[in-house]
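Single-structure report; data block below.
The values are calculated or read from the model by the stated rules, or taken from the named source; none is laboratory data. Because the structure is a prediction, the values reported are computed rather than measured. Here the Cβ positions follow ideal geometry from the backbone for every residue, glycine too, while neighbour counts run over all protein chains shown. Remember, those area values only see protein heavy atoms, side chains included, never the ligands or the DNA or RNA. Shrake-Rupley method; radii C 1.70, N 1.55, O 1.52, S 1.80 Å.
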Protein chains: 2
Amino acid sequence: MSTNYRVIGTRPIRHDGADKVTGRALYGADINLAGMLHGYVLRSPHAHAIIKRIDTAKARALDGVKAVVTAADFPVTPDRIVDLGEGETPLSCIRGNVLASGKVLYRGHAVAAVAAINTHIAEEAVKLIEVEYEVLPAVLTAPEAMAEGASILHDTLKTKELGEQTGRVSNVAEHFRHTMGDVAKGFADATVIVERTFDTATVHQGYIEPHNATALWNNDGRVHVWCSTQGSFVVRDTIACVLDLPVSQVKVTPMEIGGGFGGKIPVYLEPVAALLSKMSGRPVKIVMSRKDVFEGSGPTPGSHTRVKMGVNAEGKITAAEATLAFEAGAYPGAMVGPAAMTVFAAYDVANVTIDGYDVVVNKPSTAAYRAPGAPNAAFATEQVVDEIAEKLGMDPIDLRLKNAAKEGTRRADGPKFRKIGCVEVLQAMKASEHYRSELGGPNRGRGVAVGFWFNVGLPSSVTISVNADGTVNLVEGSTDIGGTRTSIAMQAAEVLGITAEQVRPTVVDTDSVGFTGVTGGSRTTFATGMAAYEAAQDVVRQMKERAAKIWETTADAVALDAGVFSHEGKQFTFAELAEKLGSTGGPVVGRGAVNPRGAGGSFAGVVVDVEVDPETGKTTILRFTSVQDAGKAIHPSYVEGQMQGGSVQGIGWALNEEYYMNTEGTMTNSSLLDYRMPTALDLPMIETIIVEVPNPSHPFGVRGVGEANIVPPTPAIANALYRALGGGVRLTRLPMNPPAVMRAVWSKAN
Amino acid sequence: MSTNYRVIGTRPIRHDGADKVTGRALYGADINLAGMLHGYVLRSPHAHAIIKRIDTAKARALDGVKAVVTAADFPVTPDRIVDLGEGETPLSCIRGNVLASGKVLYRGHAVAAVAAINTHIAEEAVKLIEVEYEVLPAVLTAPEAMAEGASILHDTLKTKELGEQTGRVSNVAEHFRHTMGDVAKGFADATVIVERTFDTATVHQGYIEPHNATALWNNDGRVHVWCSTQGSFVVRDTIACVLDLPVSQVKVTPMEIGGGFGGKIPVYLEPVAALLSKMSGRPVKIVMSRKDVFEGSGPTPGSHTRVKMGVNAEGKITAAEATLAFEAGAYPGAMVGPAAMTVFAAYDVANVTIDGYDVVVNKPSTAAYRAPGAPNAAFATEQVVDEIAEKLGMDPIDLRLKNAAKEGTRRADGPKFRKIGCVEVLQAMKASEHYRSELGGPNRGRGVAVGFWFNVGLPSSVTISVNADGTVNLVEGSTDIGGTRTSIAMQAAEVLGITAEQVRPTVVDTDSVGFTGVTGGSRTTFATGMAAYEAAQDVVRQMKERAAKIWETTADAVALDAGVFSHEGKQFTFAELAEKLGSTGGPVVGRGAVNPRGAGGSFAGVVVDVEVDPETGKTTILRFTSVQDAGKAIHPSYVEGQMQGGSVQGIGWALNEEYYMNTEGTMTNSSLLDYRMPTALDLPMIETIIVEVPNPSHPFGVRGVGEANIVPPTPAIANALYRALGGGVRLTRLPMNPPAVMRAVWSKAN
């Protein structure tokens, strides 16, 4: 494939644009089925308690109530380990998070649910459910949970220690270690060593649309679910698992999605709605409130990390060491794994040890959030690197360039990098007008940082049908969160030699397309795009056969160039040949189904200028540049959108966002007003620089761009704040909100 | 493929059964969109009139009215000839039938339509539309319309005479002739010649669900239509044509369909709803009343036919001649074409002339109705053959067997038969217990007849995705009227070696599947089944590749037998291999897209016993046996269902049904109460005998079975009545209702 693209790299209007801006797009809350009931979930008022008794009799007796469900209504099956595409988990944990059984493990934990003829009756009925709790002490952070004598969440949770199952019951689900080289020798070779600890708060993805699910348990035993999800097949497989059904008995229709960022991968309401539908014989819809979303869905983990790095006199990093203790929330399976994969990924270091701790605490079970784990880790590493640069008197980008990971660099967790763009991102940061500009003014500081996300592959399926008017219909299974209908359509268009607008993409239900993994891991434009590429190639093969039939030659004698099929001077445009399909053998349908490897990680960098108000501690972002390696930017506007989105979320995480918990484990800011994400008024225009180091594993060189951009903002802002405060005091705890900044100001004053 | 089938020929429960019997299945009238308006159509009170003026101002001014549409709102484009899969037609005729322009041509002709916030206001508003008509004389039958000085429907309609365009304006759109051999010599060689004329009344398909359409003209210029149709792609292409849009700008979602029988192929309400939506900016739903259905949709033509046949002393038919004058209704394009193709198709006759006349009359534009045209023709031919048998003193089945069409027989319209089952059907009739039984009792008679339908191919597309639990999802574009989800799924199951229940078929919208022709022409189990066969083969090829990968061999070394993949003693069941797809390369999706020829016509025969009440003229069907060549019966229950359904419709057509018109051209029995189709209480159990003469053009030998079964009932009943009345008087006019029978009784008495 030449890189002289006709469609790729252009900026067509998104296919779903009109529906989105005119309000026609249908979200889960828009579902309204005949005879539909409304569900309401009873949530735990305690962060940690034994459920001694649940009595639903009064709720059942209320007029208008049609069904009440608790964990006792799950089918009785032995516990087993399942893998729903996100790693191995006990089924009991998945079920336990859907409806608490025996204990509640966090404030907001679902305990029971009611279906009634309207949501008001359902809400009233929930209040009539009597639950007797025995309240236990709550542990809210990893260090607390790991402390001697800490309240234990799971009596049966035995710590896995360096790959071995121990007999020890604790809140540490797992302690693992990645190591390579000789760390002691590395530190011995170092002339400068910096070691610091860092803490980050629990934050939420903050998608605008709350979770929702509508389920119809049909008379033939099939369950149909409409919901807001990043992965319809994951929902299908999770429901099947939780409710002990074959996957083909579940059909999931993914509605439009109002944001996800990883938080719409887990399943919360869907099995509850399904059970309520089974009991009532009617469709049941449940929609979370914002409070439910904060308290009952999965935020990203808070973390406690220690990073130690050493450099020699030439500025070469000789050793790196990290201890990562990540909150899993109520059930094991935290984001410490990816944190360990990314913590030193930007650097070519020979001697590394990384210890990871997956720690359960009395908070909601954590979910993915844009490069999950990586921002927590980068917050540590990138500040330590910054401090080293200062100590060496080196430009912080130069230090990074000197140590940057490149093709052939091995990570402590195993993989060796293929072609990557870390150096190119750093060079682009350094060459940027922003980095070369004067900062000016007092109380100002500039910070830089880089970050990495490895991206994933996973299966995707696409079919393409040719219309007689020279357009094609493209069917895919990937929920479109960030414009992937278009970025996938563009890849098909490029192969077919038609325009993006001539491809009509549709995201269909799980009965109507081949298996497709989640929209997550920055995989969709990469993997589903590759499926579209394959399906388009399948179309081209067949179209050439038709042309060959008409021209009485063989398919391989027919050329396709820029949408024109030709052979010995004869030619058909794509549209001309499309018109002739009926008479040359029938419709043309192409299919592509892939499970690609080589997603090709993406590096991102940030240059940020801040100004601190020393009277109030308020931090103003003066200028912010996001740089990222897209491999190949299929639709540059959407790449920029991802970079801007990740940057803004990083800024919020850096400066303000957190689950503000009281000692009983109740989040006291569970509304968007109090949680206070940054708005357009709080921010400058986020500048973007797209770097393109093609991914050798993708036909167009695509790397996913959804995630790496959220990794560097928090440390870059921390590094900028360090300078804005005149040096000497580092903010090692997120959020770096006005009180934290004022504490830093005062600590300097003392 | 061996004929030792595991799935084909069994009777699994239909996939849509639960939804249908529990009321969950969603029909067009169930659609309810946010902000939806309700449409109402103003219909002509006259059968023939000039529209001098339409004033919609008062309707527009009514509170709650959001849009009013007339033919003036169609886009202005030059007239052109279009082919929407049913032959060439001027665009002006398609548009004219959707909304009358200049003239109304039948009572019930749509003139204007209103969209309002509810249907009551819409109905009120329609009454406020002022239309000034100049009423013209109406012509209601072909002979009337062909008469000298008849009122002319279309000033611009010039008769096409034997392939040549004449300058003559008349109600005869076309006169064509099929001829072969030397008819004069054939009659000269005959020892017995019978010539008679026959008339049949206009009858309706009588589907339970009225026409309906909901349209949303979206802000991006795309039109989405939900409707009850036999062919979603035909609706798409017709709307595109009528509204001058590219086909890819129209998306049609076929809802469940409550019967069609050919009558749900044309488009009536869809473009009207679309225009009203465009004007109002809101979705618009229109549902016909039963009266609208009778007066405003397409019935099957009334006809006037003359058949003359001669036989020699040995009982060999030496010549056959037919004149077929068929009512087209208001616009050209009647069913005289297929009538001419089928009129003598059951017989091997060397000398044949067939004259066909396509005649416009002031009745609704006719539509297909189960083997359209063939029953009208067979009503003539099969009575003439019966009369000849009587004259020769031959058993009527023996006479037919002596002259039966077989492989190699050429029809006067051109084609030579491949393998057909005419002889086998006649033999099965003769061998039937029914035919060998005693009739007994007075006023009873037994009749036989045969009929033919040629069936069609047309494009179909199917994709199949494999689920990890060993089931597959099948996506198709064929509206399922008679159980084709299952008959198509069964063909895929047979190839894959799984059960019918392990295939989950889904009928999707036009954006989500490759082009697929109408469910009509008895093609669906044949053609879409073939697409499913191809898609399943594509799956098998890929599954073998996966097994080969695991077993480190080549795909062609892997065998598949009865759902088990094997190689040198190693084996995987389909489900075992399905589980391993993720790890061996990703999902497996198969595709099949076909435009098959060789649909392989189907012959059907009837043996019927009747008893006449000489006091009232009431005819009782004592016993009725339907015999049909299915090629291969994929699902025998649905084949039997088709045979029983066609038989019952034939009985209704024979004995009672008709558009009872007054002289002004108003149908006076336009309700199901007055139209009076036969009910279960009127009928004995319809006995069925499936004959299987495999179609060599289909991998499983399938012939369509939807239509031929309606062809022989009317003449078989006429022949039975002839004998029940003691011979001597033939009923040559349909319906043969009590008044007609009494007239026959009286004519004998005089």
Worksheet item: Using a label point 7 angstrom from Cα along Cα-to-C-beta, what distances in nm, from shortest up, separate B:LYS316 from the other copies?
Response: 10.5
Discussion item. From the mean inverse distance of alpha carbon pairs (Kirkwood) and the Cα radius of gyration, derive Rg over Rh for the range A:182-221.
Written reply: 1.54
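Across peptide A:467-479, how many C-beta atoms of other chains are within 10 Å of each residue C-beta, on average?
Working: counts 10, 7, 7, 3, 4, 2, 9, 2, 8, 0, 2, 0, 0.
Rounded to a whole number, the mean comes out at 4.
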Discussion item. Cα atoms only: what Rg and Dmax, in Å, come out for the range A:211-313?
Written reply: 18.1, 74
Worksheet item: Quick one: if you stick a label point 7 Å off each Cα along the C-beta vector at B:ILE550 and A:ILE81, how many nm between them?
Response: 2.1 nm
Worksheet, complete the sentence: Cα-based Debye curve of the range A:343-392 sampled at q = 0.20, 0.21, 0.22, 0.33 Å⁻¹ gives log₁₀ I(q)/I(0) of -0.88, -0.94, -0.99, -1.30
Worksheet item: Inter-copy label distances at A:LYS52, 7 Å along the Cα→beta-carbon direction, one decimal in nm, shortest first?
Response: 9.2
Worksheet item: Once you put a point 7 Å from the Cα of B:GLU438 and another 7 Å from the Cα of A:ARG6, both along the Cβ direction, what distance in nm separates them?
Response: 8.2 nm
Practice prompt. Any chance you could list P(r) for chain B, counting all Cα-Cα pairs in 10 angstrom bins from zero, rounded to whole %?
Written response: 3, 14, 23, 24, 19, 11, 5, 1, 0
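Determine by what factor the alpha-carbon radius of gyration of the range B:626-686 differs from 2.2 N^0.38 Å, reporting the quotient.
Values: Rg = 15.5 Å, N = 61, 2.2 N^0.38 = 10.5 Å.
Working it through for the range B:626-686, the quotient is 1.48.
With both partners inside chain B, how many of the DSSP beta bridges are antiparallel, as a percent to the nearest 5?
Of the beta bridges lying entirely in chain B, close to 75 percent run antiparallel.
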Item to complete: Could you pull the Cα extents of the range A:523-642 along its three principal axes, largest to smallest, in whole Å?
Response: 82, 29, 22
Practice prompt. Assuming 1.002 mPa s and 20 °C, estimate D for the range A:162-263 with Stokes-Einstein, Rh taken as the Kirkwood radius over Cα pairs, in µm²/s.
Written response: 114 µm²/s
Discussion item. Averaging over every viewing direction, what projected area does the convex hull of the Cα atoms of the range B:263-337 cover, in nm²?
Written reply: 7.6 nm²
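Count, for each residue of B:578-587, the Cβ atoms from other chains sitting within 10 Å of its Cβ, then give me the mean as a whole number.
Details: counts 0, 0, 0, 5, 6, 1, 1, 5, 18, 16.
For peptide B:578-587, the averaged partner shielding equals 5.
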Fill in: Separation of the A:ASP63 and A:GLU123 label points, Cα + 7 Å toward Cβ, nm
2.0 nm
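For chain B, which whole percent of the accessible surface, found with a 1.4 angstrom probe, sits on carbon and sulfur atoms?
After summing per-atom areas, the C and S share lands at 51 percent.
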Discussion item. At a cut-off of 30 Å², which residues of the range B:23-41 become less accessible once all protein chains are present than in their chain alone, using a 1.4 Å probe?
Written reply: B:ARG24
Practice prompt. Between copies, how far apart are the A:ARG196 label points? List them in nm, one decimal, shortest first, with each point 7 Å from Cα toward Cβ, please?
Written response: 10.5
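Tell me, what is the FRET efficiency for B:THR156 and B:ARG53 to the nearest 0.05, using R0 = 22 angstrom and their Cβ-Cβ distance as r? Intermediate values should be presented prior to the final figure.
Details: r = 22 Å, r/R0 = 0.99.
For B:THR156 and B:ARG53, the calculated efficiency is 0.50.
For chain A, what does the accessible surface come to per residue with a 1.4 Å probe? Please give it in Å². Kindly include the intermediate steps, with their values, before the conclusion.
Working: 25640 Å² over 750 residues.
Ligands and nucleic acids excluded, the figure is 34 Å² per residue.
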Discussion item. Looking at the protein assembly as shown only, what percent of DSSP beta bridges run antiparallel? Nearest 5 please.
Written reply: 75 percent
Fill in: Area buried, chain B against chain A - accessible surface, total, 1.4 angstrom probe, square angstrom
3700 Å²
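Compute the projected area of the convex hull of the Cα atoms of the range B:599-655, averaged over all viewing directions, and report it in nm² to one decimal place. Don't skip to the end; give the middle numbers.
Values: hull surface 17.9 nm².
The Cα convex hull of the range B:599-655, projected and averaged over all directions, gives 4.5 nm².
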Worksheet item: Given 10 Å bins starting at zero, what is the percent of C-alpha pairs of the protein assembly as shown in each, up to the one with the largest pair distance?
Response: 1, 8, 14, 17, 17, 14, 11, 7, 5, 3, 1, 0, 0, 0
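Just checking the output field for A:513-526: average partner chain Cβ neighbours within 10 Å of each residue's Cβ? Display every interim value, and only then the final one.
Working: counts 8, 14, 11, 3, 3, 0, 0, 0, 0, 0, 0, 0, 0, 0.
Rounded to a whole number, the mean comes out at 3.
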Worksheet item: When Rg is the radius of gyration of the Cα atoms in the range A:56-109 and Rh is its Kirkwood radius, what does Rg/Rh come to?
Response: 1.08
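Under the rule of -39500 (n - 2.57) per DSSP H run of 4 or more residues, summed and divided by the residues of chain A, what mean residue ellipticity at 222 nm is obtained, to the nearest 500 deg cm²/dmol?
Details: 21 runs with 206 residues, N = 750.
Roughly -8000 deg cm²/dmol at 222 nm, from the helical runs in chain A.
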Practice prompt. Please work out the Cα center distance from the range B:630-646 to the range A:504-524, rounded to the nearest Å.
Written response: 38 Å
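Which FRET efficiency, nearest 0.05, do B:ASP613 and B:ASP674 yield, Cβ-Cβ r, R0 30 Å? Mind showing how you got there, number by number?
Numbers: r = 22 Å, r/R0 = 0.73.
In this case the efficiency is close to 0.85.
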